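The values are calculated or read from the model by the stated rules, or taken from the named source; none is laboratory data. Predicted model, so just to flag it, every value in this text is computed and none were measured. Counting neighbours? That spans all protein chains shown, and the Cβs are built from the backbone with ideal geometry, glycine included.
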């Protein structure tokens, strides 16, 4: 123990994280037993009853009473969730209703038999996954579990009892349980209960006793259950010590590593390592070295390796695949780099003579491991050697013709040179031919070429010519050597070529990933980036793909990247589930495997960003996941950028809010002051004021009131537009009419300007809301009048350009200041011209209205001086050619 | 004889300034604060013109229009807030003669009242309508601008005829479509836009800034009488 007992800050942080996650999650309590019949369900119901009496909302989600009377009596006092009837192969199977449970959302739910496998068609393949979802939803769960269902004890149970248990459960589920209650019953008592028919009835009881419930089995299982619980208590103890800064009894630097191969025995190795690691409380890694020869192995063997690595992951290990040609070297190199203290490896059971010729991995590791401990575990059976599959698929006709042709060519050359060269040198020509075949075709062709070459050599080049008979027995040596060399060369050549091909393929993938990342880096819109990512993945993996993006946390098939959806929108909830839980689901997975598509979550930094849907599970799924991670990173980058922009906008909104206050208070007070002053002056000083002064004051009241009216109107209009309360009543209108009505209304405002209109009679009708469009024109003209000197020209022009009807308000004023044109449409922006009053809402309102019409508005300076504001309304559905009806 | 005005308006401040302003123009003013009171006064006093606020405390102003139109053609002028075009249309379709948007200038209100009263006086009189240089002889179906005859198509004439019949007041788009094209074309506003444009081109000096055939955005059209 060291003197400084303060916990490491990283550890503390980790623990805080664990505890916060736990606080939100429901608590899981497992009633753990050695076998059926020990009374787990009974104990669970008793505990639940106590909770209920204490006022907790308890619901029995799924409880199997097996017709036991005492158990049924306990269950009778609880609310029972109706079971879900699942149709499976024509039979209706009762299942736990997960959705019903989530909807009911009690504080505590009872779910019996944690290791149960759900009927096909359920959301999850296993019941423990249902339970995980309940916990995540904040529902606490009581459940039951027998020791033989634990993944890591699976093979041990099989060895002890001779019964292979199919329904298994990852150990991590039990490890993560908040509480484990061991329900223990001595073997004799259990057997007595069995005899009394308390566990199974009649015939079933007798068969059970004969098969599984033998005293030896029960004792062994009980020991396992006790030990597993003890391990758990031990872990809790260590946890407690860690939390309370009590020094470790040993350094935690233990790190285990297990070597995984294609043998079925590897799974056993992995389980053993998991147990060992749990005992040491050490992290562990499962390493598989992918040699060039691996690709040549049968598909089911390759799949087995993947399964073993997945198993390791389920048991809490880290799976690692190392591409290398030499297993021992790669294993040791990795072990050193990862500070592995112990390597677990399988001990081969090979015939002694074989061991004389080839060094086993164990020998090699023992020789070179240095200070790393080596645990060699004897294999249960190595009967199933790794079958090599030498590409024995029949060669195609073209390859066959090519092979025979090349050997024929060698023969022709040999015949020509027969008189000049010694037969041994002619054999070299054939070897060249074999190399040629091996470089072009597969192993079978090269093998055939080798045999044909030896035969042809014998027939044509070894006297007596034309027969297979051999004059000199010396040539037998030549034949054997030639065949050996030919076979070796062809084998090596094919291997090297394969390796090169695979390297090239990897290179292509790497290049593709690089290009993919580069492409995404250039995108600025999340949707565009997602579309590009989905298209790239579809192209690279030859499988239709689409990315679904969330809208306010909801995944919708409407927000998909492809034109056509590759799955029915009835699968939207699956995508939503994947999005919410960050786990893949659908076709080819354990969750909702009946779906038409495979759904992969796109997440970065733990936050969900979208879902990738694939029409099928492609061969290189881990590769796809690399691309998905890359796509998620790109989306995350875009989202962060968006967040930054949003916060900038918020800041600007804050600014504009304060500028609103100052603007409104100033702009409302000024005319109000004039009105009040003038009105009170008229009231109090009527007699004293000369006639023209009275008129002046009255005029001022009228004008200021009008100005205030416009301001209030604008404020109300902006509020209405902002809140979306404005309904757009579109109808066909002529711009000429709109302009005419506006100018009529603006006569006074524009009185001191020269107004020109340029509206060709051929202008089409536009489908707009005339009142709102008039508002736009009013605001633009008001600005023109406000910011330009009297006497200058204001022009209103309209014309058709490409697919838009364009309306321009042009003036001859000072124009927009530098960079100003970009900001004039922002709310409460005011032109920099001195002495002009206004709230800066006119253009913002105009923009909102034009955009609501699907159009655009832009401000710029005229080359010849002055400003121009351009309103572009899309034609098509919004315009109608003019002309007599 | 002084014309009598019935002012149906619940806001005291509006009544407070309208009362002396109208009296100054030699109108005799009666006041009502609710719709019920307004209907009762209208039938009891038989005023020459009604000024009606649509937002009354007891009932919708539209019911007042409906009630009055049940027995009288007296002009009804609606006072309504700006931006409530649908209210204006509903009032006009219910039989109101015209509207003035709040806030309004006194001069505008007085001009509208004069126009409405003149229209009542003129009903059934002269068959030739004059405004500016335009003369429309409804009987002879001849239109002249500054003494020069202008040729109108039958639909253009029918449109102008309808406007002349309602001269000085706003005619809603629906009314025009109904009277000129028939009730089956009430939604075909594009007809109206095109023909109104053609009519302006033939009658107005600057069709982009019409003096006589005015547009009331969101509501309809008005043929000016002065």
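Here residue A:754 fulfils each of the conditions (1) more than 58 Å from the chain's Cα centre (by Cα); (2) within 10 Å of chain B (Cβ to nearest Cβ); (3) touching a residue at least 40 places away in the same chain (Cβ under 8 Å); (4) surrounded by fewer than 17 Cβ atoms within 10 Å (Cβ to Cβ) apart from (2). Looking across the stretch B:83-104 at every residue that is touching a helix residue (DSSP H, G or I) at 6+ places or on another chain (Cβ under 7 Å) and farther than 25 Å from residue B:46 by Cβ, the one that is farthest from the other protein chains (Cβ to nearest Cβ) is identified as B:90. All told, residue A:698 falls short of being in a loop (DSSP other than H, G, I, E, B), more than 8 Å from chain B (Cβ to nearest Cβ) and either under 58 Å from the mean Cα position of the chain (by Cα) or surrounded by 12 or more Cβ atoms within 10 Å (Cβ to Cβ) (or both). Being within 14 Å of chain A (Cβ to nearest Cβ) and either touching a helix residue (DSSP H, G or I) at 6+ places or on another chain (Cβ under 8 Å) or modelled with pLDDT under 85 (or both): is that true of residue B:107 here? No.
The one condition from (1) in contact (Cβ under 8 Å) with a residue 60 or more places away in the chain; (2) under 16 Å from the mean Cα position of the chain (by Cα) that residue A:553 does not meet is (1). Scanning the stretch B:61-89 for residues being under 25 Å from residue A:728 (Cβ atoms), more than 13 Å from the chain's Cα centre (by Cα) and not in a loop (DSSP other than H, G, I, E, B) gives a total of 6.
How many residues does the stretch A:766-793 contain that are assigned to a strand (DSSP E or B) and buried (at least 23 other Cβ atoms within 10 Å of the Cβ)? Final tally of qualifying residues: 2.
Consider residue A:743 carefully, then state whether it is within 12 Å of another protein chain (Cβ to nearest Cβ) and part of a helix (DSSP H, G or I). When the stated conditions are applied, residue A:743 passes them. Scanning for something touching a strand residue (DSSP E or B) at 6+ places or on another chain (Cβ under 9 Å), within 12 Å of chain B (Cβ to nearest Cβ) and either without any contact (Cβ under 8 Å) to a residue 24 or more places away in the chain or assigned to a helix (DSSP H, G or I) (or both), does the stretch A:714-735 turn up at least one residue? Yes, the stretch A:714-735 contains a residue that is touching a strand residue (DSSP E or B) at 6+ places or on another chain (Cβ under 9 Å), within 12 Å of chain B (Cβ to nearest Cβ) and either without any contact (Cβ under 8 Å) to a residue 24 or more places away in the chain or assigned to a helix (DSSP H, G or I) (or both).
From (1) more than 14 Å from chain B (Cβ to nearest Cβ); (2) at pLDDT 80 or above; (3) assigned to a helix (DSSP H, G or I), pick out the condition that doesn't hold for residue A:667. Failing condition for residue A:667: (2).
Test residue A:269 against the stated conditions and say whether it is at pLDDT 80 or above, within 27 Å of residue A:342 (Cα to Cα) and touching a helix residue (DSSP H, G or I) at 6+ places or on another chain (Cβ under 9 Å). Taking the combined requirement at face value, the residue satisfies it. Scan the stretch A:161-185 residue by residue and report those that are in contact with a helix residue (DSSP H, G or I) (Cβ under 8 Å, 6 or more places away or on another chain) and assigned to a loop (DSSP other than H, G, I, E, B). A:163, A:164, A:165, A:167, A:168, A:170, A:178, A:184, A:185 - these are the residues of the stretch A:161-185 that are in contact with a helix residue (DSSP H, G or I) (Cβ under 8 Å, 6 or more places away or on another chain) and assigned to a loop (DSSP other than H, G, I, E, B).
Just wondering, is there one or more residues in the stretch A:6-26 that are at pLDDT 85 or above and closer than 30 Å to residue A:191 by Cβ? Scanning the stretch A:6-26, I find no residue that is at pLDDT 85 or above and closer than 30 Å to residue A:191 by Cβ, so the answer is no.
Taken together, A:749, A:771, A:776 contain a single residue that is more than 9 Å from every other protein chain (Cβ to nearest Cβ) and within 56 Å of the chain's Cα centre (by Cα), which is A:776.
Among the residues here, residue B:78 qualifies as more than 14 Å from chain A (Cβ to nearest Cβ), surrounded by 14 or more Cβ atoms within 10 Å (Cβ to Cβ) and under 17 Å from residue B:217 (Cβ atoms).
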